[in-house]
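Worksheet: the structure to be examined is printed underneath.
The values are calculated or read from the model by the stated rules, or taken from the named source; none is laboratory data. The structure presented is a predicted model; accordingly, all values stated were derived computationally and were not measured. Glycine gets a Cβ as well: all are built from the backbone with ideal geometry, and neighbour counts include every protein chain shown. For accessibility, only protein heavy atoms count, side chains too; no ligands or nucleic acids. Shrake-Rupley method; radii C 1.70, N 1.55, O 1.52, S 1.80 Å.
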Amino acid sequence: MKDNETLIQTGRHVTQFPADVSLCAGCSSCEIVCSLLHDGVVGPSYNRIFVERGTISMIHRIYACQHCVDHPCYHACARKDQAMCLDENGIVYINEEYCIGCKRCIKACVFDPPRINYVKSSDKSKRKAKKCDLCRTRPEGPACVEFCQVRCLGISDLPDERR
Ligand code: SF4
Ligand code: SF4
């Protein structure tokens, strides 16, 4: 955890409840549906939400973009407003088409691990950044929340100073 992590004011984001007793079954449904919906593929490296499995504790943690109110990743982007964008609802999202894969956003992410994935683009030509966009164009909302097998995912209230 980075030192300033608890001071970050986060926006509406996918959250896990309750994280500490872990209703999460570690089944990967959220990761799978995420990559399928965004990239049309199923592959662990394509998701924008990450399951950290506690193989001994059996407490599984979910990591996703917290849509920080001051969105440092957006400000750090070499192609701000083209690659890394901000919509009218405060959702920080990436237009992969314009991303040059410079990783500035990943370095700027205030969370550890960073909430941005870095994988081959759909045409396999180069690596690009991918992050949770709250399924902003999906009328039903985030698919990971909808398809969680144990219903341990939801959307946080606005704003939230916890993770
Ligand atoms: S990797 Fe892409 S989204 Fe991230 S800072 Fe560079 S251009 Fe912007
Ligand atoms: S990618 Fe990291 S810094 Fe950017 S909004 Fe998400 S959590 Fe915050």
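Pick out the one residue from VAL14, VAL51, VAL21, VAL42 that is at pLDDT 90 or above, more than 13 Å from ligand 2 (Cβ to nearest atom) and either of a type in the set (Val, Ile, Thr) or closer than 16 Å to ARG115 by Cβ (or both).
Criteria check complete, one pass: VAL51.
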* Asked: Taking ALA129, is it crowded, with 18+ Cβ neighbours inside 10 Å and under 28 Å from SER22 (Cβ atoms)?
  -> no
* Being outside any loop (DSSP other than H, G, I, E, B) and without any contact (Cβ under 8 Å) to a residue 24 or more places away in the chain is the filter; apply it to the range 56-95 and report the residue that is farthest from LYS130 (Cα to Cα). => LEU86
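For the structure I just gave you, tell me whether CYS99 is within 18 Å of GLU146 (Cβ to Cβ) and either among the charged types (D, E, K, R) or more than 11 Å from ligand 2 (Cβ to nearest atom) (or both).
No.
So that you can scan it fast, the table gives a plain yes or no per residue for (1) within 20 Å of PRO142 (Cβ to Cβ); (2) open to solvent by less than 40 Å² (accessible area, probe 1.4 Å); (3) in contact with a Lys or Arg (Cβ under 8 Å, 6 or more places away or on another chain):
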residue: ILE8; (1), (2), (3): no, yes, no
residue: SER28; (1), (2), (3): yes, yes, no
residue: TYR46; (1), (2), (3): yes, yes, yes
residue: ILE56; (1), (2), (3): no, no, no
residue: HIS60; (1), (2), (3): yes, yes, yes
residue: CYS77; (1), (2), (3): no, yes, yes
